[in-house]
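K.L.:
Have a look at this one before I ask anything.
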Amino acid sequence: MLAHRCAVERRRWLSEAEFGDVLTLCQFMPGPNVVGIAICVGAKTRGVAGALAAFVGFAVIPATIGFLFALLLLGQARAPVVQHTLHAISAAAAGLMIATGLRLLLRRHRRDLRAMAIAAAAFAALALAKLPLLLVLAVLAPLSVAATAIWRAKAA
Amino acid sequence: MTPLGRLTLFLALMSSISFGGIPPVLPDIRHFVVVAQGWLSDEDFVNFFALAQTIPGPNMILMMALVGWKVAGVPGALAAAGATAIPPCVLYFAGYRLWDRFRDAPWQKVARASLAPLTFGLVVAGGTVMAETVDTGWVSIAVTAAAAILLLVTRLNPMWMLGGAAVVGALGLV
């Protein structure tokens, strides 16, 4: 990962372990993950000013450029070729999302049936039962935190 | 309330609970802007999704900026981008300080162990709902499946999957 190479290896803003912490935190905090990682690195090295610089550099500038580029492409969106291309890209992107979630789950929790059960419940609530995300989180987040705390207390 | 006001409030809520990034909030956002409010067609939504996933940069902010632009022009784009970017970034900043201060606290390990799998399940679910919206024929289903399988079993950069899909689409096969 480019951010890792720059922040840890070349500039030595953070140690390997600190970067790992940032990554775990940003993976399950709400919001755009890459921007989050940058904000954490910025906050760690330069406080509020660092976080603001990271926000401008990783969110404001790329989003503005991307937006202008997207508008240019959308100007052609009625052409069948463009329409078909975007449709196929969406199909692939949806597949990539599914695989990303699966890969993270399998890499971290392959042998952990309890974690798998939590993930399966979250999947069923959002994708099968089509419940609103806010409701799913309000019910499942406290439940899984409580269940994990109890399991750990028993194991100890 | 004006459509722009409703969209901004809704996106601020969604971005604040978008654990795991954009995938978990896609089903709710599609439901709100396409089904409930009727501001966008499914075709618009799919187009914006494709562009946001292809253009480098923060995909969630870009996608919501496009939704806002469709609803209320340039002011809509700015409001939607702000509502998507600012709440979670403030949370990141505050969250990181807490996280850093209590790095060895037991609650942090419990939070990590329970919320991480929850998030991953939501990411898979978001991708699945998006696939239901996009996959209208067997070719697009095959494209979704191929992209997922390639990411799981190879070390290919995902851009290859998106590029391959673009070729399939440009040839008019979907």
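K.L.:
Could you check the simple spin-label distance between residue B:31 and residue A:120, using points 7 Å along Cα→Cβ, in nm with one decimal?
P.N.:
2.4 nm
K.L.:
Give me a single rounded figure for A:48-57: the average over its residues of other chain Cβ atoms within 10 Å of their Cβ.
P.N.:
Mean inter-chain Cβ contacts per residue within 10 Å come to 2.
K.L.:
Expressed in nm to one decimal, what extension gain is obtained for the pair residue A:113 and residue A:12 from 0.36 nm per residue of sequence separation less their Cα-Cα distance?
P.N.:
Residue separation times 0.36 nm, minus the Cα-Cα distance, leaves 32.6 nm.
K.L.:
To continue, here is another question. If amide hydrogens are placed 1.01 Å from N in the peptide plane, which non-local residues have theirs closer than 5 Å to the one on residue B:20?
P.N.:
Residues meeting the criterion, in which the H sits 1.01 Å from N, are A:29, A:31.
K.L.:
Considering only protein heavy atoms, what per residue accessible area in square angstrom results for chain A with a 1.4 angstrom probe?
P.N.:
53 Å²
K.L.:
Place a point 7 Å from the Cα of residue B:153 along the Cα-to-Cβ direction; which residues of the stretch B:116-140 have their backbone N under 11 Å from it?
P.N.:
Nothing falls inside the zone, counting backbone N under 11 Å.
K.L.:
On to the next question. If you rank B:31, A:87 by how much accessible surface each has, with a 1.4 Å probe, what is the order from largest down?
P.N.:
The most accessible residue leads, giving B:31, A:87.
K.L.:
What accessible surface, in Å², does a 1.4 Å probe find on residue B:97, ignoring ligands, DNA and RNA and rounding to the nearest 10?
P.N.:
The accessible area of residue B:97 comes to roughly 110 Å².
K.L.:
Could you give me the radius of gyration and the Dmax of the protein assembly as shown, taking only the C-alpha atoms into account and expressing both in angstrom?
P.N.:
In order Rg, Dmax, the Cα atoms of the protein assembly as shown give 19.4, 63 Å.
K.L.:
What number comes out for accessible area per residue over the stretch B:1-50 if the probe is 1.4 Å? Units Å², please.
P.N.:
35 Å²
K.L.:
Sticking with this one: Would you please classify the overall shape of the stretch A:32-156 from the alpha carbon gyration tensor, given that a ≥ b ≥ c denote the square roots of the eigenvalues, rounded means a/c under 1.5, and beyond that prolate means a/b larger than b/c while oblate covers the rest?
P.N.:
oblate
K.L.:
Roughly speaking, to the nearest percent, how much of the protein assembly as shown's 1.4 Å accessible area is carbon and sulfur?
P.N.:
Summing carbon and sulfur atoms, their accessible area is 69 percent of the total for the protein assembly as shown.
K.L.:
Kindly provide the pair-distance distribution of the stretch B:98-174 built from C-alpha pairs, with 10 Å bins from 0 and whole-percent values in order of increasing distance.
P.N.:
Percent of pairs per bin, in order: 15, 33, 23, 17, 10, 2.
K.L.:
Between residue A:150 and residue A:72, with labels modelled 7 Å along Cα→Cβ, what's the label distance in nm to one decimal, could you check?
P.N.:
Reported label-point gap for residue A:150 and residue A:72 is 5.7 nm.
K.L.:
Something else: Using the alpha carbon gyration tensor of the stretch B:44-170, what are the three equivalent-ellipsoid semi-axes (square root of 5 times each eigenvalue), largest first, in whole Å?
P.N.:
31, 24, 13
K.L.:
Using helices alone, I'd like the mean residue ellipticity at 222 nm for the protein assembly as shown: each DSSP H run of four-plus residues gives -39500 (n - 2.57), total over residue count, nearest 500.
P.N.:
It lands at -25500 deg cm²/dmol.
The values are calculated or read from the model by the stated rules, or taken from the named source; none is laboratory data. Computed from a predicted model, the values in this text were never measured in an experiment. Glycine also receives a Cβ, built like all others from the backbone with ideal geometry; neighbour counts cover every protein chain displayed. The accessibility values were calculated without ligands, DNA or RNA, using every heavy atom of the protein model including side chains. Shrake-Rupley method; radii C 1.70, N 1.55, O 1.52, S 1.80 Å.
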